[in-house]
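Values quoted throughout were computed directly from the atomic coordinates according to the rules given, and no laboratory measurement underlies them. Computed from a prediction, not measured in an experiment: that's the story for all the values here. With ideal geometry, Cβ positions are generated from the backbone for all residues, glycine too; neighbour counts draw on all protein chains shown.
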Amino acid sequence: MFKKLFGKKKKEEVIEEEVVDSSLDGLEEVETVEEAIESNEESITEPEGIIESDEESINLEDEIIEHNEEAIVEIEEIVELEEELEKISPAAEQAYAAEQAAVQALNESDAAMHTWQTQWESFTHQAAEPARVAEVEAARSQQLEMQQSHLSERQEKLKTERDNNMDPELEKDLAELNIELETKKQKHIVNQCN
């Protein structure tokens with residue numbers, strides 16, 4: 001932004017120089033015209049030619065005066081613009097510095113937010129792990145309880161049959177089932193403790 005502002009100042013200086021140069025060129029033209037008038041005055045003997053030359057030189061002088069007045073107005077405008085630019089430049093520098101500080105603060109905020117988001121995702125994953133483990137254990141516990149219930153029913157059924165039949169083969173099955181039931185009860189108690 002400052003390059004643009006200082007670039008304008010240089011451009012305005014160039015314009016001022018061009019206006020001054022063109023004014024000087026105009027003055028040189030006047031001198032050339034005056035010399036031509038003088039040489040014409042010497043060569044022309046008729047009064048009408050002299051009058052016409054005087055009118056032309058007056059017209060040229062009027063144009064040069066008008067051109068010089070325009071050049072002075074333009075130079076004054078350039079000076080006013082330079083003064084205004086000098087007034088604006090410190091504010092523009094402050095605005096640029098404030099913009100840079102805001103950009104840096106935004107970048108730091110974005111980095112902090114990204115870090116926080118990564119930490120939050122990690123925390124959420126860690127917080128969900130115990131709930132998932134508890135859910136798996138609850139399902140396993142429920143399954144073991146169902147097996148225990150099923151084995152208890154079967155044990156009761158076998159006990160009833162044994163009492164009715166007292167078959168040695170059934171007694172053997174019953175003993176095996178009792179052992180299996182006790183083993184599963186102990187495993188279930190150990191799993192609930194963990």
From the phi of every residue in region 84-98, what ³J(HN,Hα) in whole Hz does the Karplus formula 6.51 cos²θ - 1.76 cosθ + 1.60 yield, where θ is phi - 60° and glycine or proline is x? 5, 4, 5, 6, 7, 3, x, 5, 5, 5, 5, 4, 5, 5, 5
What size of dipole, in debye to the nearest 20, comes out for region 132-193 about its Cα centre when the only charges are +1 on Lys and Arg C-beta atoms and -1 on Asp and Glu C-beta atoms? 340
